[in-house]
Every structure is written in structure tokens, then in C-alpha cells.
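Read through the structure below, which is laid out as C-alpha cells, and then see the notes.
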Amino acid sequence: MIPAPASRPWLAHYPPGVPAEIDLSATPTLVHLVDEAAARYGALDQAVFLGRRYSYAGVDAAGRQFAAWLAAQGIGPGARVAVMMPNVPQYAAAVFGILRSGATLVNVNPLFTAPELASQLYDAKVSAIVVLENFAATLAKSMANLPPMRVLVTAVGDWLGPVKGPVANFVLRHVRKAVKPWSIAGALRFDAALAEGARLPFSPPAIAAGDVALLQYTGGTTGVSKGAMLTHASVVHAVLASEAWLAPAFAKGPPLANPVVVCALPLYHIYALVACLLLGLRIGARSLLVPNPRDLDALVRDLRRTPPHLFPAVNTLYNALLERPDFGAIDFSGLRVANSGGMAVQKSVAERWLARTGCPIVEGWGLTEATAGVTCNRVDVAAWNGSVGLPFPGCEIEVRDLLGRALPAGEPGEVVVRGPQLMAGYWGRAGETAHAFTPDGWLRTGDIGVMDARGELRIVDRSKDMIIVSGFNVYPTEIEAVATQHPGVSEAAAIGVADTRTGEAVKLFVVRRDPALSGEALAAFLRERLTGYKRPREIAFVESLPKTPVGKVLRRALREREG
């Protein structure tokens, strides 16, 4: 039971008009969310991809056709259907169809290796998968020891029209060699399934708010990837809470009939799924689909053609754009919100972004098991402040010690969360589910944080990333934040390495902005800003840092390199 508002100090600091709770009575499921979007915004653009626009009505119709096809295959409530695609327009249609059928969506990283893919598909026990043909060869390799499943294949150019589409497919297949040879018995083209579904009757199944809408696998940055069971109600709550939180920003200036939301983060990740696609449905947004955010030339071209109003991103993407000489050619005059999650925003990046765009980065924090966002800074802040803000409506946080006792304001400890946005548990892992929650029902996040008297949260670091030097706790995020303030540093990551004298010592990996920057110069810079035990024992210059598909730096991979 959620305690009385008096126990939630953050409510007194909410922006005017933001509610303390979210009412799901009018939109209890994601199917309701899709229905409402199609009814309200049917003629508007749901997406733009490689210059072509796709209406809400058109994408919704394709989703209904896919739902009918799935039902005809006996795939519905209780089944799981995987989607293995980057940000292409077919992604939304596939998701809408899966949700309408009553099945559970399983998002799959298209960059998986065959063993990784086989492991997830086997764990989820999928009945069908929709895959972009660029990744069909990987799927074919993974299927040898998997139960039978229906395979639907689509291509980048399939929805680009009768002229541009075949050209795009020819270039990808035969010029860029982006499609490796593959063979999967019984595979069907996705568009053929839609055409068949258009001729079939469809009786929508009963779907309850508590039904599992997604099996969203964790990124695996802290261990074996697990499927978080996210219900319709938990996902809708996350979407409506985000809408309420961002409303003050959209209330400023003239109304936006079809605002542009940048979908540069991969939609198969929970942050992008909620903050881009699903929130976009709620507010009638046009999703600027970016299939490969690492292709910064293409991203800048897209942003120049389609100036953004809402830009969900991560620190690494903001930094990469700021490094571009053509960054100034992008029109950011209409940008209402630049929000960030997934990893800490560095002060140097936030300050440069504000100076160049006039729009501050609004940092938030969350995790897959809590359906993306848990906290966020107010959207009316004048500048980045280093915190991850206040809990969203309906969400609660506490900071606890190792014995599970709530700590007073200002004391660091593990952040725990509860509220309607939490997962129902890990798929098929009762023991891990029990471990993920405290005896009194709070989700253990594994993040170390400090909450002030206002209820504003600062994340210090992941507990598993913490470095212990001679008994002192050292948080990599602090070291990285200081290092990136040096004008010659583009990116940095700190890990702990074994040390016979201090137990652990700090090793700093640095991507240089200035090729002439030396280790001695950077060490001198850090000596002036960090106390002795926090200073790196070793500085290693590297060309790049290992990252997840969403752009989060993988410190675990750096530790594995060190042995």
C-alpha cells in the first residue's frame, strides 16, 4: 500500500499541474493506448524514415492485419512473439499487431550473436519472430536447437515505396553487402503475412491490465540477461507518467500538432520504447526513425531535414553530436525537451549542449525492472544540476543501508523503488525474482544514491562498479566526470584494478579530443581536483570505449580486458 503523501517530500516540489498519481482507468492497456492514438491522430505522421512519412492510420492498419495473421496461426494470449529489428517503420506495426493479438512482445537486440540470440529465444519460448533480413543469417544459425517457430522477414526498403524501396534493397544486398546469405525453411515475408491478414477476420481477445505485455530482457551489464515481465498497466503507467512530467515543457510556446521525437536510441531498449514510440503515440508525435545512430553523418542529415521537439538520448550521443563540425547546421530552436537516461550525464557535455542549443539536458534515472523511468529533473530547470531529479508520479524511492534500514537525507546507500511501474518478476526465475525485492516489497536497484530533504536523488554509481581503495569507496562516475572536464578529453571510463598495497586502484581509460594530450598532463589536471586515493594509478588512452547498443559504457568489459 502506498503511504500517505506526507511521506513523499518530493510532491511539494512538483511543477504546477503535475499530479501525484496516475489514473489508468481510461487507458488500462497498451491496446487502448494504440486505439486512442489511431483515433486521435489517424491523418498525422506516426513516423518519418529516410524521407518517407507514415501515418498513424496506415501503421495501425498494418498492425491490425498482423494481429489477424497471428490469430490465424493460433498465436495469441499466452504466446510470445519476438521482434528483431532496428528503428524501421515495420517495427511499430509489428508491435501493434503483437499487442492486439494478446501475445507478449519480446524485444531482441539485432546485433546479437547466434549463441546470444538462441539463448534468449529459448528462454522466452517464442512462437514467432519478425526479423529484418540484415540479421536473418544470425537467426538461421541460432535455430538448430530451438523449437519450431514462425519466421517473418522484412527488408529496409520494403516500406519505402515502389521506386525507392527496390533501389534501397538492392544497394544493401549487393553493394554494401549488408545482407548475408541465409536460408530458413518456411520463412514468410512480413508483407505477405500482412496481405493475408487483411483478408482474415479478427476477433480481439480480452486483455487485462495485469497481463504481461513485454518480456524485456535486461542489458546483461551486471550478469546473465533476464526477462523482466512488464504488464500492460506498468508500461501504460510509465508512458502516462512521462507525459505528465513533460507537459509543462510542451505547454510553453505554441501548441505542437505533430511534434517530432527523435528515435535515435534503439526501440528494442525499454528507454526508447517508452520515451520515443509509446510516449509518441500518447502525444501524437512524429517519430524520426534513426536505424543506426552510429552513422552520425546520416543522423545530422535527418536532424537538419526534420528539426526536433523532443530528443531522448544518452550522454555519449549528445557528446558525439557536439563533436561534429556540422552540429551548428541543425535547427534546435523548437526543441522543448532534451532528456537523458541510461547513464550519467557529464557536466562538460551538459554545459556545452546548453550553450549550443539553449535547451538544458533534463536527466532522469530508471531501469528495465521499473519500466524505464523512475525519477527525472523538472523540465523547467535552467541548467543541468547533477541530480536525476524527483520520483515520477506514483513512484516512490528510499535509500537504505546494508541491513535494509532507511537512511536519512544526505546518506549514501542502495536505492530501492516501489510503485505500479515495477515488473511482475523475472520470467521463469522465481529465485532471482525473490532476490530482486526486499521482504517488504521494494525493488532493489543495485544503484548507490543520495536523496536530499526535497526528495531529489543523486546516483553515485552502481554498487558493483564501486572501487575500494584502502577501505575508501571510490565511485567511477565521479572520476569520469572530473576527467571529462579537461578540454582534451572526449570520453572516459574508470575501473578498479588489483593493487598489492591498496587492494584496488583506479585505472582510467580515456578517448582523447586533443591527440596531443599526454598522460602526465591529464594526471596533473586530476591531482588538482581529486584527493589522493581517488586519483588514477594508471591512465590508458584508447580509440573508443565498449558500449551497449543504447550507448552506456560497459565498465564490465574493461574489467574483463584487465583479467
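Given N residues in region 244-311, what is its alpha carbon radius of gyration divided by 2.2 N^0.38 Å?
1.11
Could the peptides 458-470, 365-377, 200-212 be put in order, highest first, of the mean number of other beta-carbon atoms found within 10 Å of their residues?
Highest mean packing first, the order is 365-377, 458-470, 200-212.
Per 10 Å bin from zero, what fraction in whole % of the C-alpha pairs of the chain is there, up to the bin with the longest pair?
Calculated over all Cα pairs of the chain, the distribution is 3, 17, 28, 28, 17, 6, 1, 0 percent.
Show log10 I(q)/I(0) for region 1-125 at q = 0.12, 0.15, 0.21 Å⁻¹, two decimals, from a solvent-free Debye sum over equal Cα scatterers.
Evaluating at q = 0.12, 0.15, 0.21 Å⁻¹ gives log10 I(q)/I(0) of -0.66, -0.87, -1.14.
Out of every Cα pair in region 349-422, what percent are spaced more than 19 Å from each other?
46 percent
What does the helix-only formula give at 222 nm for the chain: each DSSP H stretch with n ≥ 4 adding -39500 (n - 2.57), the total divided by the residues, and the result rounded to the nearest 500 deg cm²/dmol?
-8500 deg cm²/dmol
Given charges of +1 on the Cβ of Lys and Arg and -1 on the Cβ of Asp and Glu, with all other atoms neutral, how large is the dipole of region 477-517 about its Cα centre, in debye to the nearest 20?
The calculation lands at about 140 debye.
Pull out the extension gain between Leu44 and Ala26, defined as 0.36 nm times the separation in residues minus the alpha carbon to alpha carbon distance; nm, one decimal.
4.2 nm
With the crude spin-label approximation of a point 7 Å out along Cα→Cβ, what separation in nm comes out for Asn145 versus Ala498?
According to this spin-label approximation, the distance is 3.2 nm.
If Lys and Arg each add +1 and Asp and Glu each add -1, what is the summed charge of the other residues whose beta carbon sits under 13 Å from the beta carbon of Val416?
-3
Expressed as a whole number of Å, what is the distance separating the alpha-carbon centroids of region 32-91 and region 505-556?
So the separation of the two Cα centres works out to 44 Å.
Please give the contour-minus-distance gain from Ser518 to Ala12: 0.36 nm per residue of separation, less the Cα-Cα distance, rounded to one decimal in nm.
Gain in length upon complete extension: 177.3 nm.
What's the ranking of 523-535, 289-301 by average number of surrounding C-beta atoms within 10 Å, highest first?
Highest mean packing first, the order is 289-301, 523-535.
Lysine pairs in the chain 8 or more apart or on different chains: how many have alpha carbons under 24 angstrom apart?
24
Place the peptides 430-440, 391-401 in order of packing, highest mean first, counting for every residue the other Cβ atoms within 10 Å and averaging per peptide.
Averaged packing, sorted descending, gives the order 391-401, 430-440.
Relative contact order for region 165-228: what percent, with Cα pairs under 8 Å and sequence separation of 6 or more?
It rounds to 14 percent for region 165-228.
Using the Cα atoms as the points, what is the convex hull volume per residue of region 287-407 in Å³?
Spread over its residues, the Cα hull of region 287-407 gives 135 Å³ apiece.
Normalising by the residue count of region 77-131, find the relative contact order in percent from Cα pairs under 8 Å and 6+ residues apart.
About 55 percent, as a whole number.
For Glu351, put the label point 7 Å out on the Cα→Cβ axis and report which residues of region 526-563 keep their amide N under 17 Å from it.
Of the residues in region 526-563, 526-530 have backbone N under 17 Å from the label point off Glu351.
Could you tell me what a quarter of the Cα convex hull surface of region 191-307 works out to, in nm² with one decimal place?
11.1 nm²
Mind putting together the pair-distance distribution for region 77-155? All Cα pairs, 10 Å bins, whole percent per bin, short to long.
Each 10 Å bin holds this share of Cα pairs: 20, 58, 22, 0.
Taking a label point 7 Å from the Cα of Glu196 along the Cα→Cβ vector, which residues of region 129-166 have an amide N closer than 12 Å to it?
Within reach of a label on Glu196: 150-153.
Return the equivalent ellipsoid semi-axes of region 313-374 as a descending list in whole Å, where each equals the square root of 5 times an eigenvalue of the C-alpha gyration tensor.
23, 12, 10
Pairs of alpha-carbon atoms within less than 8 angstrom and 6+ residues apart define the contacts here; what relative contact order does region 251-349 have, in percent?
Taking the mean separation of contacting Cα pairs over the length of region 251-349, I get 29 percent.
None of the figures in this text is laboratory data; all of them are computed from the coordinates on show. Owing to the predicted nature of the structure, the values given are computational and were not obtained by experimental measurement. Please note: Cβ atoms are built from the backbone with ideal geometry, for glycine as well, and neighbour counts cover all protein chains shown.
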